[in-house]
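A.B. asks: This is the structure I want to talk about, given as structure tokens.
The values are calculated or read from the model by the stated rules, or taken from the named source; none is laboratory data. Just so it is clear, the model here is predicted, and its values are computed rather than measured. Cβ: placed from backbone, ideal geometry, glycine included. Neighbour counts: every protein chain shown. The accessibility values were calculated without ligands, DNA or RNA, using every heavy atom of the protein model including side chains. Shrake-Rupley method; radii C 1.70, N 1.55, O 1.52, S 1.80 Å.
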Amino acid sequence: MFLRYTQRIKDGKAHRYWSIVENRRGAGKKVTQRQVLYLGEINDSQQAAWCRSIEVFESSSGRWRQVALFPEDREAPELADEVVHIRLDQLQVKRPRQWGACWLSCELWQQLRLDDFWRPRLVPSREGTDWLQILKTLVSYRLIDPGSEWRLHRQWYHHSAMADLLGQMSDAIELQSLYRCLDKLLKHKSALFSFLTERWRDLFHTEYEVLLYDLTSTYFECDPPGHGKRRFGYSRDKRPDCVQVVIALVITLDGFPLAYEVMPGNTSDKTTLKAFLKKIEDQYGKANRVWVMDRGIPTEEVLREMREGSSPVSYLVGTPRGRLTKLEKDFLKLPWVKVKDLLEVKLLPQKGGGGEVYVLTRSVGRRRKERGMRRRRLKRLWARLHELQRQKLTRDELLLKLGAAKADAGIVYRLVDVHVPKTTETVSTGTFTFSLRKEKLRAAIRNEGHYLLRSNLSDEDPAILWQRYIQLTEIEAVFRNLKSDLAIRPVYHQKDSRIEAHIFVSFLAYCLYVTLQQRLRVLAPGLTSRAVIEKMSAIQMVDVCLPTTDGRLLILPRYTQPEKDHQLLLQRLHLVLPPQPPPRICSQDENLPAGASAM
């Protein structure tokens, strides 16, 4: 195996994207290359680390343990142990099931020591139901292949190796046990937040001085209820036709979640911050924290309380574009100050504002990105309008197609002045016209790459303020992972308590996800958590069944040997696979599950 890169020129700069590639000899002695792992863009030290790993991996020899089996037609020597003769001609391989990703999930669970937290809180029932093992299964399912509890009950659990890994006696879980486990979780939510905070501090030396705060929503495909938290509201999922709940989340700069809250779907963003400030203060105590938020979340009243309270709270918040227009004359008098490559700032202290300062930033990189996005959308919108002008449409059909074009164009639609025919007019090139709003286009070009920030950290380096604000993309990434990788939406539960428990399980799954992600940043840069989970999912477990001459059945549960890319991943992450499960012997007419103990 070796490293190979592809080069791409972007914004005048050369970017190298690396992969680990191995040579394979096929038919006709033809050598083909297979990509083992995609690493993305890595720096020189990371490249050197991967090279060393490949060299160590290539030079090391695997240790194989040989097992001698005695077929029925061969006598065994005198041995102290019991001798079993096997009918090799009747060997069968049964029950292939996914093992690698399930094992990785359990390993991440152990790294966070979640057993220590949950064992005294989820004690087994008098009937023998182990709630802790069911919770592990729910969280692993949400992390690996998320879906409904019904699908977990009917399909996924049987096709996974969770029973083998958890030492369960059954290869099925009752559906009602899954629901009853959800009912036991919510009362431990605050205690779990505090426990995870300490674990991340021990594992990754995480700091909690800077907190990112934002909100998202998740929708339901059901009829609107008459009560509860499911309400119509502003949908970030572009599903205004569905009821929803709002999720408020606080994370660190590294993406570690500290707390979240589930609110009614019609909750306004600006009404949530005050309660969340108190929630964090009550749970973690008063401290000199910096809250980073996007525009639209804090109100003037809350910001004033944060500045002038008995224990002032620091904040950094984006401001609407309209505020920049109001302050444009004041900023014109100030010079641009270069704080780093491709980044300039202007500082405008506020008189009598409690040490508040406005920071106008101009980023060349952001301007190029925003300009490229605006040009692509405007070009697509312009071409679409020309298409509609050539089509033979009724006025109602034209309005419907214009609505779709407007939704696709977004804010770029404001740069075009569209004139539609009146009710009594037919659609033609004379009645349906459009033109550029040149003044608005010039204003958009002038504001591209400009951000107006507001903070009471008047003594802080502007470059640091800008970097912290850009870190809001971390919380957006959390929302994307929750909605795509962990499939938190749509929610099928009806009761508010089950809805919140579903989100709580998704939160626990994300805790495992972000723990793996942080490991990868240090040990295997360029890889994502989802890529590793999918790669490990290729390791399967099967039951090798060997009938014996005395009418019994020898069953050897075995996970498939990891391939080279799996071994390389395990080496980089400092993970060691467990030994193969021990064999068991049972009567041939006894239908024991894979997780049962040996007889």
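A.B. asks: With the condition kept exactly as written, say whether any residue in the stretch 316-325 is polar (S, T, N, Q), closer than 20 Å to Thr272 by Cα and in a helix (DSSP H, G or I).
C.D. replies: There is no residue in the stretch 316-325 that is polar (S, T, N, Q), closer than 20 Å to Thr272 by Cα and in a helix (DSSP H, G or I).
A.B. asks: It is to be established whether one or more residues within the stretch 540-561 are in a loop (DSSP other than H, G, I, E, B), surrounded by fewer than 19 Cβ atoms within 10 Å (Cβ to Cβ) and in contact with a helix residue (DSSP H, G or I) (Cβ under 7 Å, 6 or more places away or on another chain).
C.D. replies: no
A.B. asks: Going residue by residue through the stretch 504-527, is there one that turns out to be more than 24 Å from Phe256 (Cβ to Cβ) and either hydroxyl-bearing (Ser, Thr, Tyr) or surrounded by fewer than 20 Cβ atoms within 10 Å (Cβ to Cβ) (or both)?
C.D. replies: No, that holds for no residue.
A.B. asks: Report every pair of residues separated by at least 6 positions or lying on different chains whose Cβ atoms are under 7 Å apart, first residue within the stretch 332-344 and free of Cβ contacts under 8 Å to residues at least 60 places away in the same chain, second assigned to a loop (DSSP other than H, G, I, E, B) and surrounded by 11 or more Cβ atoms within 10 Å (Cβ to Cβ).
C.D. replies: Glu344/Trp336
A.B. asks: What about Trp291, is it aromatic (Phe, Trp, Tyr) and touching a Lys or Arg at 6+ places or on another chain (Cβ under 8 Å)?
C.D. replies: It is false that Trp291 is aromatic (Phe, Trp, Tyr) and touching a Lys or Arg at 6+ places or on another chain (Cβ under 8 Å).
Condition check ((1) at pLDDT below 90; (2) closer than 27 Å to Glu300 by Cβ) across all residues:
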residue	(1), (2)
Leu399	no, no
Pro462	yes, yes
Leu472	yes, yes
Lys495	yes, no
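A.B. asks: Right, next: Could you list, ordered by first residue, the pairs with Cβ atoms under 9 Å in which the first is in the stretch 227-245 and farther than 16 Å from Phe479 by Cβ and the second is among the basic types (Lys, Arg) and open to solvent by 100 Å² or more (accessible area, probe 1.4 Å), at least 6 apart or interchain?
C.D. replies: If the second residue must be among the basic types (Lys, Arg) and open to solvent by 100 Å² or more (accessible area, probe 1.4 Å), the pairs left are Gly228/Lys495.
A.B. asks: Same structure, new question: Would you tally the residues in the stretch 269-303 being among the hydroxyl-bearing types (Ser, Thr, Tyr), farther than 21 Å from Arg468 by Cα and surrounded by 14 or more Cβ atoms within 10 Å (Cβ to Cβ)?
C.D. replies: Total satisfying the criteria: 2.
A.B. asks: Let me ask another. Please go through the stretch 85-122 and give me each residue that is part of a loop (DSSP other than H, G, I, E, B) and surrounded by fewer than 17 Cβ atoms within 10 Å (Cβ to Cβ), ordered by number.
C.D. replies: Scanning the stretch 85-122 gives Arg87, Leu91, Arg113, Arg119, Pro120, Arg121.
A.B. asks: Looking at Ser455, Ser435, which is the one that is of a type in the set (Ser, Thr, Tyr), in contact with an Asp or Glu (Cβ under 9 Å, 6 or more places away or on another chain) and in contact (Cβ under 8 Å) with a residue 60 or more places away in the chain?
C.D. replies: Ser455
A.B. asks: Quick check on the stretch 583-590. Is at least one of its residues modelled with pLDDT of 85 or more, among the aliphatic types (A, V, I, L, M) and not in a helix (DSSP H, G or I)?
C.D. replies: No, because not a single residue in the stretch 583-590 is modelled with pLDDT of 85 or more, among the aliphatic types (A, V, I, L, M) and not in a helix (DSSP H, G or I).
A.B. asks: Okay, moving on. Please state which one of Leu303, Leu334 is under 20 Å from Ser363 (Cα atoms), at pLDDT 85 or above and more than 24 Å from the chain's Cα centre (by Cα).
C.D. replies: Result of the check over Leu303, Leu334: Leu334.
A.B. asks: What number of residues within the stretch 5-19 are free of Cβ contacts under 8 Å to residues at least 60 places away in the same chain, open to solvent by less than 100 Å² (accessible area, probe 1.4 Å) and either part of a strand (DSSP E or B) or hydrophobic (A, V, I, L, M, F, W, C) (or both)?
C.D. replies: Residues flagged as free of Cβ contacts under 8 Å to residues at least 60 places away in the same chain, open to solvent by less than 100 Å² (accessible area, probe 1.4 Å) and either part of a strand (DSSP E or B) or hydrophobic (A, V, I, L, M, F, W, C) (or both) within the stretch 5-19 amount to 7.
A.B. asks: Check Glu207, Glu198, Glu221 and return the single one that is in contact with a Leu (Cβ under 9 Å, 6 or more places away or on another chain), surrounded by fewer than 17 Cβ atoms within 10 Å (Cβ to Cβ) and of a type in the set (Asp, Glu).
C.D. replies: Glu207
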